[in-house]
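The values are calculated or read from the model by the stated rules, or taken from the named source; none is laboratory data. Nothing here was measured: the structure is a model prediction, and the numbers come from that model. Glycine gets a Cβ as well: all are built from the backbone with ideal geometry, and neighbour counts include every protein chain shown.
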């Protein structure tokens, strides 16, 4: 890799900050299991004039799903559960569910089936995110509001309890009939907690974070580390008052703003990390699931985790942002061979992003990853930034 050509990435990042698309951005390149380039542009906190730096902490939001997908694949590898297992075998709240048929809720009767772990991994379960489109997401909206009210009273509901309660909310569609973004990774985290007998965060720390040396990654932030959190901003170029600090962003989707008392360890949105820590995760995934003499996944487990899971019918509903030519598996998009693409990645490339602008991927052919960290309140213009960086990245390959 020609590291001099990577200066084009820095130029792109500087233009984004100058245009007001974000207050600050940080990025790093991992090639062949080693971080080969890093740049930080702009500010982590405007009011304090604090620059972006390697010790800056970021709310990963949905980038968390990449870790949960890995954790689930590890559990399958170890025989802790099968993807064919109904979720209710671990979470009784998912027994005897109902689903929304477009007009009314109906019970899963003869010919139907309950949610399986397979449905969680490819987001075809019907456990969508909050909203006001049907009885299912309205019910989940109500549940998350109740969760937030409990946190405000000092009550911190655990992951398993909250997900069992979510199981009592109608599904937004019959399991397996389509793809839709939602709380699937959070449910998977609760399943892993039951299957392993350990709190989800503890299991991740012991099985993934500590072996990789990801010392800055977790579901909570101690008071002394909080000053290192990047401030989240609303950044809309030309809009008055921007960048505008959004201090309550850490209270979305039932999160407790990463306080030490946190009970709900959200497998879909709850991690805090640094660029350096995330690069270690990318290096291990580039190596196919082993690192430093430690085996996280078998070759078979790695193939399972990165093999497209959506049927052609399901794939037609996978319309998430700009993913032409991609399928989905274990909470990652996966590039399909022979399909169109908006960037020069290879088949099998996988990754995901987060609502505040975090983004990462692994190209298993080139052994190449790009980690981008931004903290922008949606709606944001970071998609063009994070995906646009990939083109000069590939151009730097010799």
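Structure notes:
- Hits in segment 285-295 - residues which are buried (at least 21 other Cβ atoms within 10 Å of the Cβ) and farther than 14 Å from residue 371 by Cα: 289
- Total residues in segment 105-122, condition loosely packed, with under 13 Cβ neighbours inside 10 Å and in contact (Cβ under 8 Å) with a residue 24 or more places away in the chain: 1
- Segment 229-253 residues that are at positive phi, paired with ones that are in a strand (DSSP E or B) (beta carbon under 9 Å, 6 or more apart): 241/234
- Test: residue 12 is part of a helix (DSSP H, G or I), in the same structural domain as residue 272 (by TED's automatic domain parsing) and either within 25 Å of residue 248 (Cα to Cα) or touching a helix residue (DSSP H, G or I) at 6+ places or on another chain (Cβ under 8 Å) (or both): yes
- When segment 315-335 is filtered for residues that are modelled with pLDDT under 90 and in contact with a strand residue (DSSP E or B) (Cβ under 9 Å, 6 or more places away or on another chain), the ones remaining, listed by number, are 320, 321, 323, 325.
- Residue check, residue 43 crowded, with 19+ Cβ neighbours inside 10 Å and either touching a residue at least 24 places away in the same chain (Cβ under 8 Å) or closer than 21 Å to residue 270 by Cα (or both): no
- Segment 216-249, residues that are touching a helix residue (DSSP H, G or I) at 6+ places or on another chain (Cβ under 7 Å) and assigned to a loop (DSSP other than H, G, I, E, B): 216, 217, 219, 232
- Residues in segment 158-198 that are over 27 Å from residue 327 (Cβ atoms) and surrounded by fewer than 18 Cβ atoms within 10 Å (Cβ to Cβ): 158, 161, 165, 168, 197, 198.
- Only one of 139, 154, 112 that is more than 22 Å from residue 316 (Cα to Cα), out of contact with any helix residue (DSSP H, G or I) (no Cβ under 7 Å at 6 or more places or on another chain) and in a loop (DSSP other than H, G, I, E, B): 154
- Looking only at residues of segment 377-398 that are in contact with a strand residue (DSSP E or B) (Cβ under 9 Å, 6 or more places away or on another chain) and at pLDDT 95 or above, we find that the one that is nearest to residue 241 (Cα to Cα) is 393.
- Among residues of segment 81-95 that are in contact (Cβ under 8 Å) with a residue 40 or more places away in the chain, those with a beta-carbon under 7 Å from a residue that is surrounded by 16 or more Cβ atoms within 10 Å (Cβ to Cβ) and in a strand (DSSP E or B) at least six positions away or on a different chain give the pairs 87/116.
- Flag if residue 182 is modelled with pLDDT of 95 or more, over 20 Å from the mean Cα position of the chain (by Cα) and within 20 Å of residue 101 (Cβ to Cβ): no
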